[in-house]
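Novice: Can you keep this structure in mind? I'll have questions shortly.
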Amino acid sequence: LVASGRLAIEKRWDTVLEAFARFSARSPGARLVVYGDGPERARLEKLASKNVYFAGFERDREKLAAAIASADALVHGCPHETFGIAVAEAIAAGVPVVVPDEGGAAELAKPEFSETFRAGDAEACAAAIERLLARAAGAREAAARAGADILSTREHFQRLLARYEALLAEARRGRA
């Protein structure tokens, strides 16, 4: 498994790490590689169970893309973001995802290639990992098909800002 993002408290890495500990207790050969860095790294490294490797921030975009693409799934814990860049990148690489049921990541998740879990619930996340890996081949194929439809970060925010501009224009017309 792989996870990627800024190691900060709001990203809910505690949920991911606890879920992995529960999952790996039932699947002893499992491994989790965490890409990213941030203010919570030292605390999270202490919290992590065995078979979790903190790879740090990877500056080489091709190396990071290859690492994500080689994973069986990406696990994500943050229910607070508006887009979910790491999740979008995984889907674009044809990698199935496990994500919370809230936030931008949940909006990217489709049943064909994703499993969702109740935000903040480590046991629900561990169960979602198990469900996804039980159907990994089909989920990977579906993620690969869906990857073509994933917007880049730039495209996402261009559309978002265009929508805001349209709403503002509509509101101005209503006041005129």
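The values are calculated or read from the model by the stated rules, or taken from the named source; none is laboratory data. This is a predicted model, so every value here is computed, not measured. Counting neighbours? That spans all protein chains shown, and the Cβs are built from the backbone with ideal geometry, glycine included. When the accessible area is computed, the model is the full protein with side chains, heavy atoms only, and any ligands, DNA or RNA have been set aside. Shrake-Rupley method; radii C 1.70, N 1.55, O 1.52, S 1.80 Å.
Novice: Determine if the stretch 60-79 includes at least one residue that is touching an Asp or Glu at 6+ places or on another chain (Cβ under 7 Å) and either among the aromatic types (Phe, Trp, Tyr) or open to solvent by 90 Å² or more (accessible area, probe 1.4 Å) (or both).
Specialist: No, that holds for no residue.
Novice: Taking the stretch 50-84 as the search range and keeping residues that are part of a loop (DSSP other than H, G, I, E, B) and among the basic types (Lys, Arg), which one is farthest from the chain's Cα centre (by Cα)?
Specialist: The extreme case among them is 50.
Novice: If we keep just the residues of the stretch 38-49 that are surrounded by fewer than 16 Cβ atoms within 10 Å (Cβ to Cβ) and touching a residue at least 24 places away in the same chain (Cβ under 8 Å), which is nearest to the chain's Cα centre (by Cα)?
Specialist: The residue in question is 38.
Novice: Return the residues of the stretch 92-118 that are open to solvent by less than 20 Å² (accessible area, probe 1.4 Å) and not in a loop (DSSP other than H, G, I, E, B); say none if nothing qualifies.
Specialist: 97, 98, 99, 100, 104, 105, 114, 117
Novice: Please go through the stretch 7-29 and pick out each residue that is surrounded by fewer than 18 Cβ atoms within 10 Å (Cβ to Cβ) and in a loop (DSSP other than H, G, I, E, B).
Specialist: 8, 27, 28, 29, listed by residue number.
Novice: Kindly indicate whether residue 172 is more than 21 Å from residue 90 (Cα to Cα) and open to solvent by 60 Å² or more (accessible area, probe 1.4 Å).
Specialist: yes
Novice: Also, I was wondering about something else. Pairs under 6 Å by beta carbon, first residue of a type outside the set (A, V, I, L, M, F, W, C) in the stretch 7-18, partner open to solvent by 20 Å² or more (accessible area, probe 1.4 Å) and part of a loop (DSSP other than H, G, I, E, B), six or more apart or different chains?
Specialist: Listed pairs, sorted by first residue: 10/80; 11/5; 15/120.
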